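Read through the structure below, which is laid out as structure tokens, and then see the notes.
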Amino acid sequence: MPYSYYLRHYFDPDMDHLALKPRVNVGEQADRYNLGYVQNAISGQVLAEVAPVSEIGNTALASIDPRFFQSEPVLPQGPNTRIDPNYPQYLLADTNGYVFYYQGLITVKKLLNVRGDVSFNTGNIFFVGDMAVHGNVRAGFEIQANRILVKGMVEGGVVRTRGDLALEGGARGGVSDRCLLTAGGSIRLPFVEKAEMRAGSTIYIERTCQHATVFTGANLVVKDRLQGGVTHARSTIYVANQLGTSTAAPTKISLGYNAPRIRQLEKLDVRLDELATRVAHYTAVAGHLPPDSTPTTRKLAMARQKLELFQQRREQLWGALAEDERQADSCRLVVPGTVYPGVEVSIGRAFFTVETVYNNVTFQLHNGEVVVNSNASPPKRHA
């Protein structure tokens, strides 16, 4: 029987995530870090189309997989897909997720389960839905999704979420292994060591935070120890048992500012230094030549323009940080346990260095100065 229709796919119907091959980049080198582990689908995206065979020529007809010829127009509609009511020849995704065939039907699944480590077997994974990693995220690899649960550890990898992030095994970086956790919502994990964390909301650490760089747009809760590193929080930091170390390892605490703005300001300062150096170099080379007369003078004009824009952006950030300072009186650093010398505490523009051991104290602002409240006693002033 001659076929009148064929099923045109807008995804690879035969993609096998267990048999991925490295892609070849422009330099004809195999990219072992980006293997295309998942086929993303956005709600409303066209997944497949039933088209008349008469629309295509004989050459194109010969290239069509025989499996997808049809005598009647049928769309294999599976879970989380829908047929376009205005154009019934199209099958659409009905949610964000990944698309694949399941039991002969085109299906979109909202939760991506990675049944093992994120490693050279999977490559980096970028997903539009929620993700659960049932192993570890190995050094050098990156994952990104809406919300993520990692049942193992993040060992020098990068994890980014638009929402919340939870790790059951903790996170650890090293001298050469960059470890970064960034979440639009909260982060929850048992421990973190030599890593960087950025969260739009609160960070919860069940045990220890050691030599980490932390930016949180709300609060930080550490159920055991916070030792070394730099911590920025918008509102409150709670450390249950120990802040700092008996060896006075530098531990910096900053409260009162929007942490993402602090991060932006640090990056902006680096770019400003680079641009200022570039402007000085171009100025020395160009001398007194008129603008737009040589490639160097044109580069100088562009660098000056960028420098001015970045300086304006820096002023805007400082203006926003000044607004944050007005809320600094409500900030608290609460340590029911022990605080060791070597801890530096800044709340807004006020700064205080811990020079003696404290137990069961709260650091806060009083009349523009950092004071230490011990239990229910009046605040202790420090010069």
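Nothing in this text is a laboratory measurement; each read-out follows from the coordinates by a stated rule. Computed from a predicted structure; not experimentally measured. Here the Cβ positions follow ideal geometry from the backbone for every residue, glycine too, while neighbour counts run over all protein chains shown.
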For the chain, compute Rg over Rh where Rg is the Cα radius of gyration and Rh is the Kirkwood radius from the inverse mean 1/r over Cα pairs. 1.12
Check residue 186: other-chain or 5+ apart residues with amide H under 5 Å from its amide H, H built from backbone geometry? 164, 165, 201
Of all lysine pairs in the chain that are eight or more residues apart or on different chains, those with Cα atoms under 21 Å apart total 11
Sorted peptide list for 126-137, 346-357, 10-21, criterion being average Cβ within 10 angstrom, highest first: 126-137, 346-357, 10-21
Scoring only Lys, Arg, Asp and Glu (+1, +1, -1, -1) among other residues with Cβ under 11 Å from the Cβ of residue 140 yields 0
Take each of the peptides 180-191, 86-97, average the number of other beta-carbon atoms within 10 Å over its residues, and list them starting from the highest. 180-191, 86-97
Formal net charge of residues neighbouring residue 5 (Cβ-Cβ distance under 15 Å; K, R +1; D, E -1): -2
With a sphere of radius 12 Å drawn around the Cβ of residue 291, what net charge do the other residues whose Cβ falls strictly inside it have (Lys, Arg +1; Asp, Glu -1)? +2
What's the ranking of 280-286, 223-229 by average number of surrounding C-beta atoms within 10 Å, highest first? 223-229, 280-286
If I model segment 5-109 as equal point scatterers sitting on the Cα atoms and use the Debye formula, what is log10 I(q)/I(0) at q = 0.13, 0.16 Å⁻¹? -0.57, -0.80
Contact order normalised by length for the chain, with contacts defined as Cα pairs under 8 Å and 6 or more residues apart; what percent is it? 8 percent
On C-alpha positions alone, give me the angle between the axis of helix 295-325 and the longest principal axis of the chain, in degrees, nearest 10. 60 degrees
Under the rule of -39500 (n - 2.57) per DSSP H run of 4 or more residues, summed and divided by the residues of the chain, what mean residue ellipticity at 222 nm is obtained, to the nearest 500 deg cm²/dmol? -6000 deg cm²/dmol
Contact order normalised by length for segment 5-109, with contacts defined as Cα pairs under 8 Å and 6 or more residues apart; what percent is it? 32 percent
Rounded to the nearest 10 degrees, the helix 259-286 long axis (Cα) sits at an angle to the longest Cα principal axis of the chain of 90 degrees
